[in-house]
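Student: The structure under discussion is supplied below as structure tokens; questions concerning it will follow.
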Amino acid sequence: MKKNRSLLFRAFSLVVPATLLLAACTPAATNTPAPTAVPANTAVPANTALPANTAVPATSVPADTAVPAATALPEGVIPVEDGATIVFSGWGDETEQKIYRDSIARFNELYPNVTVDYQPIPADFQVKLKAAMVSGTAADVFYVDDQLMTAFGPSGKLLALDDFMTEAGTSRADFIPALLSIFTRDGQTYALPKDWGTLGLAFLPEAFEDAGLDLPTADWTWDDLKAAAEAIAAKGTYAGFCQGADWARFAPFAFGNGGSYASDDFTTATLDSPEIIEAANFVVGLKESGALVTAADVGAGWCGEAIGKKLVAMTYEGGWMVNFIRQNYADVVWQAVPLPTGPVGKADVIFTNGIGVNAGSKFPRAAAAFAIFVTGRDNQGEIVATGFAYSTHPDQIDMVVDPNDAAIAQGGTFDLTRVAYWGPNTGKVNDAVSQALERVYLGDQTVEEAFAQAQEEAQAALDEAQNTP
Amino acid sequence: MASAQPARPKIFKTERARQEALTAYLFIAPYLIVTVVFTLGVLIFAFYISFTSFDLFTSPRWVWFDNYLKAVAPGGDFIRSLVNVLWYVMIVVPFQTALALVLATIINVKVRGSQFFRTVFYAPSVTSSVVITMIFWWLYLKTGYLNFGLTKLWGLFGAEWTSVEWLNNPRGLFQLVAMAFGGDIPSNLWFLRGPSVTWMAIMFQNIFTTAPTFMIMFLAALQEIPPTLYEAAAIDGANRRQQFWRITIPMLRPVLLLVVVLGTIGTWQIFDQVKILTAGGPLDTTLVPVYLIYAEALGTKGPSQMGYAAAMAFLLAIIIFTFTLIQRRYIESGTEQY
């Protein structure tokens, strides 16, 4: 029996670490295919409800258009601590990293005495930054999205930038107003928008020729979209319109019908409003008539890929399409126009991320100077010229290089365009919308039932946000 | 020993014994300190946090049992995750235990090459679960190998296979059965729908990955069963099946307990696969407690709710503890304890 035990013990000691490893609850820091909060480049709408739509478009630009550094503008330079060393951190693939290395080089021309230590974190950025912030080792300057703003804003972990902006001769008025909404708290600016994205109607011209239809134009309405999608679906060579159960893609329909996911003060969910129900009925009607398919229906990872594979005629996608198609489906001809006009007006949804400064930074002036410089007009002009992202300054929208990208970018200027931001629990509200759509798509619930449930869930999330200090 | 002076009770009989004990404590000190600080200390802190509202960045606010009440509120995410994981435990544990036992029995037969199969069977267990999960991700994609293989297989019989979105199919097992008969289970009775297709896909992966680990344990135990027992049984006229049920299984009981307990604890704590493959979707059908705790603690969709997460963690610990106790009572009756 003694021998028995010793052998078993050996087996046991072999197995226990293995089991522990299996059961280990470590947040695996790998580049996982299920993006919970997609830290891809220009705020690709985090497709949280549909994690299977995994192939999120990686925006990576062959940086063949690197532009020489901007001319120095001494009046924008603020005095900083001598010999300051600041750490700058953000997500992003190699293309994005190159964009920011170039930005740092331009910054150093104006501020030769500041050393910027760039430490990109490509995966699980938000989680890692929160952990670093708790332990006091967070970077001095870092990317801020709505999740990080929620975590850091109320607790004073971010430095208000307004005074430094005044000193540097810039102001909130220099930026596209909608972009600042996420980063504003009690009238103070806690991060500056570094870039933004929006949606356009991307389409495959050959599908329209095949069905004998005219190509979409900038003055299309929902009815035109519907008619074309149904005609193409009826022809059968291509599917009509590709759209998943996704809050981001649904948002232009909601906003274009005069709806919103929540009231402007983020206290009341408005998902059971007639505007939303109507918009949802329109989308679901397309689905029921066979004019709307999901990417999975046609065997693609996401709708942009469905265009690249020539499976669908139309979809709502953003500027990340440009490089995705260029790199993966170079021979595919596609075009984009601004989104069709809704019953109430032209609308689109904006995704944005900002750059903020750690309130605990040892060199707050240098850090603020860097955040202001990177998001400033000169540097944004350089970035937009690379085709990597849109400038956050309204007068630079028309600097977008690619014609399709430029058409998509126009969505940012529509009257009803807004950021789908609803306060600290934005993620939960948006999730409720995605899940409601998914239940309807599945045939589980009617539009009214699904959005009544979403309304309850979203209201609970908004109440929770109100009750947490 | 009885002396007049009120000396403090002697713990060690001799000075040498005392020295030895001190040395022993000195040797285990590094581990002990690490455990006390990073396990016990953290545990106590988490217990305190579970009674507070804490977002990581502002100081904790005492809220009594709010977090626990929120967790057990009907219709909440935690309840939902418990139902999901319960399906998981009930299906994965029996299957992986049975598979492990079968594999061990097969491998225990001394034939040429059994060493090779031992290694092959064990391979999934020594591979990082993240890596295995990535491999299964490729298998399960709508355009992945599983659908590809099934299409080919169906094609052999002249039928057509409709590709299944293994990782994004919220339809439940019982719901599918109901649908086959033209019915459906409404979404307000979601708990009757059974595990979703996606959830079952993850179960399959986990059975595949974990069974070999337990196979090794069964194998070790199998080899310790004295051959004389089988010989005696054979002489008494017991056939193979009788030998298996009357000798092998009873002799394996202690290991069986170990395997079931470890399996249960492991399945209650499933995390990696969910984080990598589904993030709790589709429609929360793969939402599990540990993933929910992770998401709430780090605030992936809203502010961090450390207190709520800690409360759920303690509730989960209580549940696992209870399950383990029940299993012990049930399996161990009359056998050696581990």
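Student: Looking only at B:F181, B:F117, B:F208, which one moves most when chain B is put into a Gaussian network model with springs between Cα atoms under 10 Å?
Tutor: The residue that fluctuates most here is B:F181.
Student: Okay, next question. Between rounded, prolate and oblate, where does region A:213-361 land on the alpha carbon gyration tensor, with a ≥ b ≥ c its root eigenvalues, rounded for a/c under 1.5, else prolate if a/b exceeds b/c?
Tutor: oblate
Student: Go ahead and set up a Gaussian network model of chain B, Cα springs under 10 Å, then flag whichever of B:F174, B:F12, B:F244 fluctuates most.
Tutor: Greatest mean-square fluctuation among the candidates belongs to B:F12.
Student: Residue by residue through region A:452-466, which ³J(HN,Hα) values in whole Hz follow from phi under the Karplus form 6.51 cos²θ - 1.76 cosθ + 1.60 (θ = phi - 60°), with glycine and proline marked x?
Tutor: 5, 5, 4, 4, 4, 5, 5, 5, 4, 5, 5, 4, 4, 5, 5
Student: For A:K310 and B:F181, what is the calculated FRET efficiency with R₀ set at 35 Å and r taken between the beta-carbons, to the nearest 0.05?
Tutor: Here the calculated transfer efficiency is 0.35.
Student: Another one. Taking amide hydrogens as modeled 1.01 Å from N in the peptide plane, which residues meet the under 5 Å criterion relative to A:I350, leaving out close sequence neighbours?
Tutor: Result for A:I350 returns A:R418, A:V419, A:A420.
Student: With just the Cα atoms defining each centre, how far is region A:132-167 from region B:74-107? Give it in Å.
Tutor: What the calculation gives is 43 Å, centre to centre.
Student: Over the C-alpha atoms of the protein assembly as shown, what are the Rg and the largest Cα-to-Cα span, Dmax, in Å?
Tutor: In Å, with Rg to one decimal and Dmax whole: 30.3, 114.
Student: Which whole-Hz couplings ³J(HN,Hα) result when phi for each residue of region A:191-202 is put into the Karplus expression 6.51 cos²θ - 1.76 cosθ + 1.60, θ = phi - 60°, listed in order with x for Gly and Pro?
Tutor: Rounded to whole hertz, the list is 7, 10, x, 8, 6, 7, x, 8, 10, x, 8, 8.
Student: Place +1 on the Cβ of every Lys and Arg and -1 on the Cβ of every Asp and Glu in region B:25-183, take the dipole about the Cα centre, and give the residue among B:T58, B:V109, B:N147 whose Cα lies farthest towards its positive end.
Tutor: Of the options given, the answer is B:V109.
Student: Continuing with the same structure: Would you mind ranking B:W64, A:W320 so that the residue whose beta carbon has the fewest other beta carbons within 10 Å leads the list?
Tutor: Ascending Cβ contact count within 10 Å gives the list B:W64, A:W320.
Student: Next question, about the same structure. Could you order the peptides A:152-160, B:122-130 from most to least packed, using the average number of other C-beta atoms within 10 Å per residue?
Tutor: A:152-160, B:122-130
Student: Order of A:T267, B:T267, B:T300, A:T217 from fewest to most other C-beta atoms within 10 Å? Walk me through the numbers before you get to the answer.
Tutor: Details: A:T267 14, B:T267 25, B:T300 21, A:T217 11.
Fewest-to-most ranking of A:T267, B:T267, B:T300, A:T217: A:T217, A:T267, B:T300, B:T267.
Student: Loop only per DSSP, at most 14 neighbouring Cβ atoms within 10 Å: give me the trypsin sites (Lys or Arg not before Pro) in region A:326-398, ordered by residue number.
Tutor: Passing sites in region A:326-398 are A:K362.
Student: Once the dipole of the protein assembly as shown is set up with Lys and Arg at +1 and Asp and Glu at -1 on Cβ about the Cα centre, which of A:Y390, B:I225, A:N323 lies farthest towards its positive end?
Tutor: Going by the Cα projections, it comes out as B:I225.
Student: Go ahead and estimate [θ] at 222 nm for the protein assembly as shown from helices alone: -39,500 (n - 2.57) per DSSP H run with n ≥ 4, summed, over the residue count, rounded to 500.
Tutor: So the calculated ellipticity at 222 nm is -16000 deg cm²/dmol.
Student: Over all distinct alpha-carbon pairs, what is the Kirkwood Rh of region A:85-192 in angstrom?
Tutor: 15.0
Student: Also, I was wondering about something else. Across peptide A:431-439, what mean number of C-beta atoms from other chains lies inside 10 Å of a residue's C-beta?
Tutor: 2
Student: Only four residue types carry charge here, +1 at the Cβ of Lys and Arg and -1 at the Cβ of Asp and Glu. Report the dipole size of region B:1-104 about the Cα centre in Debye, rounded to the nearest 20.
Tutor: Dipole size: approximately 480 debye.
Student: Which cross-chain or sequence-distant (5 or more) residues have an amide H under 5 Å from the amide H of A:A262, H modelled 1.01 Å from N in plane?
Tutor: Amide H to amide H, under 5 Å and 5 or more residues apart or across chains, A:A262 pairs with A:T270.
Student: Return the average number of partner chain Cβ atoms within 10 angstrom of each residue Cβ along peptide B:201-210.
Tutor: Mean number of neighbouring Cβ atoms from other chains: 1.
Student: Sticking to Cα atoms, compute the Rg of region A:190-231 to one decimal and its Dmax as the biggest Cα-Cα distance, whole number, in Å.
Tutor: Considering region A:190-231 through its Cα atoms, Rg and Dmax are 15.5, 52 Å.
Student: Counting just the Cα atoms, what span does region B:67-332 cover along each of its three principal axes? Round to the nearest Å and put the largest first.
Tutor: Cα extents, longest axis first: 67, 53, 37 Å.
Student: When Rg is the radius of gyration of the Cα atoms in region A:190-289 and Rh is its Kirkwood radius, what does Rg/Rh come to?
Tutor: 1.05
Student: Calculate the dipole size of region A:395-437 relative to its Cα centre from +1 charges on Lys and Arg beta carbons and -1 charges on Asp and Glu beta carbons; express the result in debye to the nearest 20.
Tutor: It works out to roughly 340 debye.
Student: Once whole DSSP H runs in chain B are found, which of them have Cα atoms spread over 30 Å or more along the helix axis and a mean Kyte-Doolittle score of at least 1.0?
Tutor: Numbers: long enough: B:77-108 (45 Å, 1.58); B:197-224 (40 Å, 1.14); B:306-332 (38 Å, 1.29).
Sorted by number, the helices that extend far enough and score high enough are B:77-108, B:197-224, B:306-332.
Student: Another question about this same structure. Nearest-5 percent of antiparallel DSSP beta bridges in the protein assembly as shown?
Tutor: Around 65 percent of the beta bridges assigned by DSSP in the protein assembly as shown are antiparallel ones.
Student: I'd like the distance separating the alpha-carbon centroids of region A:407-453 and region B:13-34, in whole Å.
Tutor: Their Cα centres are 63 Å away from one another.
Student: Using modelled amide H (1.01 Å from N, peptide plane; none on Pro or chain starts), what sits under 5 Å from the amide H of A:K194, excluding residues fewer than 5 places away?
Tutor: Long-range HN contacts for A:K194: A:N353, A:G354, A:I355.
Student: Could I ask something else about it? Can you tell me the dipole magnitude for the protein assembly as shown around its Cα centre, using point charges on the Cβ only (Lys, Arg +1; Asp, Glu -1), in Debye to the nearest 20?
Tutor: Details: 50 positive and 72 negative charges, 1133 e Å.
That gives a dipole near 5440 debye.
Student: Please average, across the residues of B:184-193, the number of beta carbons from any other chain that are within 10 Å of each residue's own beta carbon, and give a whole number. If you can, show how the numbers build up before the last one.
Tutor: Working: counts 2, 1, 3, 7, 3, 0, 1, 0, 0, 0.
Mean number of neighbouring Cβ atoms from other chains: 2.
Student: Pairs of alpha-carbon atoms within less than 8 angstrom and 6+ residues apart define the contacts here; what relative contact order does chain B have, in percent?
Tutor: Relative contact order, chain B: 26 percent.
Student: While we're here: Work out Dmax and Rg for region B:38-173 from the C-alpha atoms and quote the Rg first, both in angstrom.
Tutor: According to the Cα coordinates of region B:38-173, Rg and Dmax are 23.1, 66 Å.
Student: Shifting gears a bit: What does the C-alpha gyration tensor say about the overall shape of region A:292-384? Classify as rounded when a/c is under 1.5, otherwise prolate if a/b is larger than b/c, or oblate.
Tutor: Note, shape of region A:292-384 comes out prolate.
Student: Oh, and also: So what are the ³J(HN,Hα) numbers for region A:387-393, from phi and the Karplus equation (6.51, -1.76, 1.60; θ = phi - 60°), rounded to whole Hz, Gly and Pro as x?
Tutor: x, 6, 7, 7, 6, 8, 9
Student: Find the relative contact order for region A:322-431 and round it to a whole percent, using C-alpha pairs within less than 8 Å whose residues are 6+ positions apart.
Tutor: Details: 107 pairs, mean separation 38.2, N = 110.
Result for region A:322-431 is 35 percent.
Student: Given Cα pairs under 8 Å that are at least 6 residues apart, what percent is the relative contact order of region B:185-338?
Tutor: Reported relative contact order: 23 percent.
Student: Highest mean first, how do B:66-76, B:151-161, B:304-314 rank when packing is the count of other Cβ atoms within 10 Å averaged over residues? Could the numbers behind the result be given before it?
Tutor: Details: B:66-76: 15.9, B:151-161: 10.0, B:304-314: 24.5.
The packing order, highest mean first, is B:304-314, B:66-76, B:151-161.
Throughout, read-outs are computed from the coordinates displayed, never taken from laboratory work. From a predicted model like this one, the values you see are computed outputs, not experimental measurements. Note that each Cβ is placed from the backbone with ideal geometry, even for glycine, and that neighbours are counted across all protein chains shown.
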